[in-house]
1. What are the pairs, 6+ residues apart or on separate chains, where a residue within the stretch 14-28 that is on the phi > 0 side of the Ramachandran plot has its Cβ under 9 Å from a residue that is at pLDDT below 70 and open to solvent by less than 50 Å² (accessible area, probe 1.4 Å)?
2. For the stretch 208-242, name all the residues that are touching an Asp or Glu at 6+ places or on another chain (Cβ under 8 Å) and open to solvent by less than 10 Å² (accessible area, probe 1.4 Å).
3. Give me the residue from the stretch 162-200 that is modelled with pLDDT under 80, open to solvent by less than 50 Å² (accessible area, probe 1.4 Å) and assigned to a loop (DSSP other than H, G, I, E, B) and, out of that set, nearest to Leu217 (Cα to Cα).
4. Could you list all residues from the stretch 68-112 that are among the hydrophobic types (A, V, I, L, M, F, W, C), within 16 Å of the chain's Cα centre (by Cα) and open to solvent by 20 Å² or more (accessible area, probe 1.4 Å)?
5. Give the stretch 97-119 a look and list any residue that's under 14 Å from Gly144 (Cα atoms) and not aliphatic (A, V, I, L, M), or say none.
6. Return only the number of the condition from (1) touching an Asp or Glu at 6+ places or on another chain (Cβ under 8 Å); (2) modelled with pLDDT of 90 or more that His203 does not satisfy.
Amino acid sequence: WLGIVDLDFRYVNRVGGELGLGYLDPVYFGVFGATEGAVNEAYYISTARLQGWSSEPLHWGYFVCLSSCMTLLLMSISKDIRKNRTLGGLLLYIIIYSYFLHSSSVNISIVAMVMILVSYRFFHHRVASDSRKALFLLTLAVIGPGFVIPFILSTIPGIELLFIQDEVLGEGSNWKNKIEWLSVDNLYARFLPQFSANLTASHNSILTYYLNMGYILTLPLLIFFYNLFLITVKADNLYLCAATIVFVVTHTILIDSSLIYPSFVLWFLLIYYISKKLLDDKSKRFKCDDTIGHSKNNVLKMP
């Protein structure tokens with residue numbers, strides 16, 4: 001697309017998504033992957049959007065974000081500085097790669113991940129309680145985008161027009177089917193389940209659950225994420241914390257339906273196992289330090 005290297009390619013049929021959009025049929029470059037068939041002119045570096053095994057770049061972004069999550073998890077358990085530098089380079093590559101997906105949802109999700117991590121990094125030194133740290137992360141990653149931001153937006157008159165006229169992200173009318181929840185009366189006062197409502201909030205699984213289940217049945221989900229953040233902050237590992245943030249944001253904002261994917265369970269178990277491993281290592285280290293300290297005291301007290 002940039003005229004740098006000539007590669008053999010062929011067109012393949014688009015799988016999934018809206019029918020009749022033949023111009024989006026991917027261009028397949030073999031081992032080098034695939035792109036959409038049309039160049040996206042809205043970006044500084046104009047290329048066709050990268051694709052993978054999915055029907056569109058947004059869903060390919062799911063795998064890209066989870067690749068960064070795996071990289072961070074490997075960095076959390078690695079004690080080799082050189083390996084971590086290599087993994088850090090791979091993480092940078094993933095971030096650069098994500099730009100060429102040309103997906104607003106991926107860009108918003110990555111910005112959210114970075115902002116949450118920076119905020120936590122600034123905050124966690126000032127709070128001693130692990131429970132407060134976990135609550136802070138829960139507020140930033142789950143409660144904020146799931147409740148606070150939507151509730152604030154719903155109180156702004158004519159906010160729908162601002163989204164539909166969007167020129168910053170180039171989405172425009174694409175927002176129309178994603179912001180229908182703004183027309184809900186008393187958005188912030190849904191306590192009981194609304195099984196007949198069948199409302200959705202695109203790219204916001206927490207808000208979608210709340211719209212249909214109310215506060216009562218959404219609470220277990222919030223407790224789950226709180227406990228996940230709690231075990232993460234107890235392990236006291238920045239890479240693990242970053243991986244957990246990526247995991248949560250990817251499954252609640254990027255691809256909102258992924259909360260019911262088998263991959264969600266597998267990734268949760270992986271993060272939980274690594275958190276427990278780091279906690280066990282931390283406990284052993286403290287016990288060892290404590291034993292050494294007592295030994296020194298006993299030696300000093302000997303006549």
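1. Filtered contacts from the stretch 14-28: Gly16/Ser54; Gly16/Ser55; Gly17/Ser55.
2. In the first step, residues of the stretch 208-242 are kept if they are touching an Asp or Glu at 6+ places or on another chain (Cβ under 8 Å); the result is 208, 230, 233-234.
Passing the criteria: only Val233.
3. Ala197
4. Filtering the stretch 68-112 for residues among the hydrophobic types (A, V, I, L, M, F, W, C) gives 69-70, 72-75, 77, 81, 87, 90-92, 94-96, 100-101, 106, 108, 110-112.
With the extra rule that they be within 16 Å of the chain's Cα centre (by Cα), the set shrinks to 69-70, 72-73, 91, 94-95, 101, 106, 108, 110-112.
Across the stretch 68-112, the qualifying residues are Met70, Leu91, Ile94, Ile95, Ile108, Ile110, Val111, Ala112.
5. Answer for the stretch 97-119, where residues must be under 14 Å from Gly144 (Cα atoms) and not aliphatic (A, V, I, L, M): Ser109, Ser119.
6. (2)
The values are calculated or read from the model by the stated rules, or taken from the named source; none is laboratory data. Everything quoted here is computed from the prediction, not taken from an experiment. Cβ atoms come from the backbone with ideal geometry, glycine included; neighbour counts cover every protein chain shown. Only protein heavy atoms, including side chains, enter the accessible area calculation; ligands, DNA and RNA are left aside. Shrake-Rupley method; radii C 1.70, N 1.55, O 1.52, S 1.80 Å.
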